[in-house]
Amino acid sequence: MTHIRTELYKAEARKAIQDRVLQNALANFQNRIGRATAAAYNNLPEGPDLRLKAHDIRMHAIENLDVLLEMLADKLRGRGSRVFFAGCAEEAVDYCLHVARRHNVKLAVKGKSMVTEEVGLNEALQNAGIEVAETDLGEYIVQLAGEHPSHIIAPAIHKTRKEVGELFSQKLGIAYTDHPPSLTRAARKALREKFLAADMGISGCNLACAETGHITTVSNEGNIRMSTTMPKVHVAFMGMERIVARLEDHDALFRLLARGAAAQNMAGYVSYIGGPRQRNQLDGPEEFHLIILDNGRSKILADKEFREILCCIRCAACLNVCPAYGKIGGHAYGYAYCGPIGAVVTPLLVGINRAKDLCLGETLCGACQDACPVNIDIPRMLLLLRSKLADGDANWGVTRAGNGEKLAYMLWSWLVRSPVAYDRFFSLMALGQNMLPGKADMISRLPYPFHGWTQSRDMKRFAPKSFRQIWDEIR
Ligand code: SF4
């Protein structure tokens, strides 16, 4: 079952802000990775402008998706692969279950994949009696803890070494240690056994190439390569937008992906997978299935103003610099995708009203676009979502979130266009503020409905004389 808890955004965010351990973990992570990303772009031989070229490459792919996906499918099928186009999450999961049942799969090993999080694959397989072992270390940790990832590429960023040590001691039966190399060795030992015993390998797809007809996976631990080559069946999940036209486009995008994700020049392991094992090949699965998932993406594609979000290559660079993510972490977003990308894509996938708090919670500071390796204009789409919430939108089935805000802005619009009313209003406010609690120059508590503004900060009092009054006096 797909896990959607977007309605709990505010409550979860509040909880996260009070969690000191999480606050430290997020601050350390953003200081370390977030800052290094900009430097990594500057070190590109082509300079940071490569991001603009990458944006064009991705937009070209998005605008030719139907043709490129058919090319990919034809080439893969020509090498004996099976390609399935899934309209929704249920179809994708059912197809995978069908393959698993046909092969009598008891244990599946998995490489990290956000699409499988999106469709709730693990729960479905487990409900069908199939054990699923996540093999990325971070994913393995959150799976042992019975949680969901809190970051797209660093799923266990919310956990401390001590917590991981206790978890491993409890679940793997080893003596407690918080020594990272020892913990990694323990995970590796446990996972080796899973790799050797698995009947099925499951992976995501970082990017596919229409020209060559292959999918590409990247990892820093080599676990995806093990998951996709050792079991006799490999099922790969791919969001339908994750494709480019030409092999040379891969080069630019993967160099940017590694920089955006972890300020690296290139990920440790890059695998091109073009189908099942061929006669002249020594390893690889006997069967290869690619599930290409729509699940709401066609609707995004059809909307010219939101289409750009499909350029995303899920590198997580925007999370690493986002002040909202840096305070509330990933779980508060209540879905597979978090941070700025989650704040745009989740409402579009699960319903704008249902996930409205996600786009309202972002600061519009623009750091996400600056960090994005494909230069996606996330702030523009956040504003667009907010405008749909303010005005309603029949095409997206959005009902207006409330009339209060609309009314307030209509009044404000009238006020700023009427100099006399504007002056009077602020003269009254300057007088009225003296009744509000606080220090000489700061207000510590605003009355309802503005109380949220001063919940965690003070507000500066209005100056005794407005700029316009001073200006008149000077003149
Ligand atoms: S929006 Fe840009 S920065 Fe954020 S995950 Fe997607 S590609 Fe990376």
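The values are calculated or read from the model by the stated rules, or taken from the named source; none is laboratory data. In this text, all values refer to a predicted model and were calculated from it rather than measured experimentally. All Cβ positions, glycine included, derive from the backbone under ideal geometry; neighbour counts span all protein chains shown. Please note that ligands, DNA and RNA were not included when accessible areas were found on the heavy atoms of the full protein model with its side chains. Shrake-Rupley method; radii C 1.70, N 1.55, O 1.52, S 1.80 Å.
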Of the residues that make up the range 378-389, is at least one assigned to a loop (DSSP other than H, G, I, E, B) and under 29 Å from the mean Cα position of the chain (by Cα)?
no
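With respect to residue 184, is the statement that it is more than 22 Å from residue 336 (Cα to Cα), away from the ligand (no atom under 16 Å from the Cβ), at pLDDT 95 or above and open to solvent by less than 50 Å² (accessible area, probe 1.4 Å) true?
In short, no.
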So residue 184, is it in contact (Cβ under 8 Å) with a residue 40 or more places away in the chain and part of a loop (DSSP other than H, G, I, E, B)
no
Starting from the range 362-380, take each residue that is more than 8 Å from the ligand (Cβ to nearest atom) and list its partners that are among the aromatic types (Phe, Trp, Tyr) and open to solvent by less than 10 Å² (accessible area, probe 1.4 Å), counting only C-beta distances under 9 angstrom and pairs at least six apart or across chains.
362/325
Here's a check for you: in the range 335-361, which residue that is open to solvent by less than 20 Å² (accessible area, probe 1.4 Å) and in a loop (DSSP other than H, G, I, E, B) is nearest to the ligand (Cβ to nearest atom)?
337
What is the number of the single condition among (1) open to solvent by 20 Å² or more (accessible area, probe 1.4 Å); (2) in a loop (DSSP other than H, G, I, E, B); (3) under 26 Å from residue 334 (Cα atoms) that residue 175 does not meet?
(3)
Which pairs do you get when a residue that is touching a residue at least 12 places away in the same chain (Cβ under 8 Å), found in the range 120-143, comes within reach of a residue that is open to solvent by less than 20 Å² (accessible area, probe 1.4 Å) and hydroxyl-bearing (Ser, Thr, Tyr), reach meaning Cβ atoms under 6 angstrom, with the pair 6+ apart or on two chains?
134/140; 135/227
Among the residues listed as 203, 219, the single one being surrounded by 22 or more Cβ atoms within 10 Å (Cβ to Cβ) and modelled with pLDDT under 95
219
Within the bounds of the range 131-139, is there any residue that is buried (at least 19 other Cβ atoms within 10 Å of the Cβ) and under 23 Å from residue 327 (Cα atoms)?
yes
Over the range 281-331, the set of residues part of a loop (DSSP other than H, G, I, E, B), hydrophobic (A, V, I, L, M, F, W, C) and open to solvent by 40 Å² or more (accessible area, probe 1.4 Å) is 282
Six or more apart or on different chains, Cβ under 6 Å: which pairs go from a residue in the range 215-228 that's without any contact (Cβ under 8 Å) to a residue 40 or more places away in the chain to one that's open to solvent by 10 Å² or more (accessible area, probe 1.4 Å)? Could you list them?
none
Would you check if residue 159 is basic (Lys, Arg), surrounded by 16 or more Cβ atoms within 10 Å (Cβ to Cβ) and touching an Asp or Glu at 6+ places or on another chain (Cβ under 6 Å)?
no
Got a sec? Which of 406, 388 is away from the ligand (no atom under 16 Å from the Cβ) and without any contact (Cβ under 8 Å) to a residue 24 or more places away in the chain?
406
List every residue pair whose Cβ atoms lie under 7 Å apart, where the two residues are 6 or more positions apart in sequence or sit on different chains, the first residue falls within the range 444-466 and is touching a residue at least 12 places away in the same chain (Cβ under 8 Å) and under 18 Å from residue 425 (Cα atoms), and the second residue, located anywhere, is open to solvent by 70 Å² or more (accessible area, probe 1.4 Å) and assigned to a loop (DSSP other than H, G, I, E, B).
460/441; 461/441
